[in-house]
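What follows is a single structure, written as structure tokens, with notes after it.
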Amino acid sequence: MTPALDIRLATQADARDIAAMSRDLIEYGLPWTWQPERVAGAIASPDTNVVVVREAGVLQAFGIMEYLDDDAYLVLFAVRPARQRQGVGSAVLRWLEAAAQAAGASRIRVDARRDNVAARSFYNEHGYHEVRIAARRYSGQVDQVRLEKWFRAGGPGAA
């Protein structure tokens, strides 16, 4: 069981650590596009929530969620490997989902690398469904899987 986590909105001081974690855990093998300046822009955006979990000053997890009309898009999400499978990611995802629902989102969309089976399984376990695969979507090299989770009627299969 994971003790209560301090999930909080990111500040500009978190941008460099978030960018480094994105480079190492999400964008590995690809050009580094989420550099500190881009993360700082997301933190400053009124249409985006950026949340972090730190323990003893070290970034353990983060999520970046954009709000687009009645949809939310989970742009980036990562948990440090040593903290995976301990409930940290689930807690951060629940926080972001609650924020999306409060903002009126009818669904959340998220993309994952096709070869990232752990991430795809994580999202599936949390009610996300794979809806399409885009070949070579990331830098012309890596396939992308789009997943989504619907919160209210109107989603796929609704009458």
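The values are calculated or read from the model by the stated rules, or taken from the named source; none is laboratory data. Given the structure is predicted, the values throughout are model-derived calculations rather than measurements. Reconstructed Cβ throughout: ideal geometry from the backbone, glycine too, with neighbour counts over all protein chains shown.
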Only one of (1) polar (S, T, N, Q); (2) under 20 Å from residue 147 (Cβ atoms); (3) in contact with a strand residue (DSSP E or B) (Cβ under 7 Å, 6 or more places away or on another chain); (4) without any contact (Cβ under 8 Å) to a residue 40 or more places away in the chain fails for residue 84. Which number is that? (3)
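Where residues in region 107-128 are within 11 Å of the chain's Cα centre (by Cα) and of a type in the set (A, V, I, L, M, F, W, C), which of them is surrounded by the fewest Cβ atoms within 10 Å (Cβ to Cβ)? Don't jump to the end; show me each part of the working.
Start the filter on region 107-128 by keeping residues that are within 11 Å of the chain's Cα centre (by Cα), which leaves 108-112, 119, 123.
Those left that are additionally of a type in the set (A, V, I, L, M, F, W, C): 108, 110, 112, 119.
On the way: 108: 24, 110: 24, 112: 23, 119: 21.
Result: 119.
Sort out which residues of region 95-106 are surrounded by 13 or more Cβ atoms within 10 Å (Cβ to Cβ) and under 14 Å from the mean Cα position of the chain (by Cα), and write them in order of number.
Residues of region 95-106 that are surrounded by 13 or more Cβ atoms within 10 Å (Cβ to Cβ), as a first pass: 95-97, 99-101, 103-106.
The answer is 95, 96, 97, 99, 100.
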Against the definition (free of Cβ contacts under 8 Å to residues at least 60 places away in the same chain and surrounded by fewer than 17 Cβ atoms within 10 Å (Cβ to Cβ)), how does residue 75 come out, yes or no? no
For region 76-99, check the following and say yes or no: at least one residue is outside any loop (DSSP other than H, G, I, E, B) and of a type in the set (Lys, Arg). yes
Out of all the residues in region 1-56, which are surrounded by fewer than 13 Cβ atoms within 10 Å (Cβ to Cβ), of a type outside the set (D, E, K, R) and either in contact with a Cys (Cβ under 8 Å, 6 or more places away or on another chain) or modelled with pLDDT of 95 or more (or both)? 9, 11, 12, 13, 41, 44, 46
Restricting attention to region 118-131, does a residue exist that is at pLDDT 95 or above, under 19 Å from residue 15 (Cα atoms) and touching a strand residue (DSSP E or B) at 6+ places or on another chain (Cβ under 8 Å)? no
Tell me which of these residue 108 doesn't satisfy, since it passes every other one: (1) in a helix (DSSP H, G or I); (2) touching a strand residue (DSSP E or B) at 6+ places or on another chain (Cβ under 8 Å); (3) more than 24 Å from residue 13 (Cα to Cα). (1)
Complete set of residues in region 108-118 that are touching a residue at least 12 places away in the same chain (Cβ under 8 Å) and not basic (Lys, Arg): 108, 110, 111, 112, 115, 118
Scanning region 48-88 residue by residue, those out of contact with any Ser or Thr (no Cβ under 7 Å at 6 or more places or on another chain) and on the phi > 0 side of the Ramachandran plot turn out to be 56, 57, 69, 85
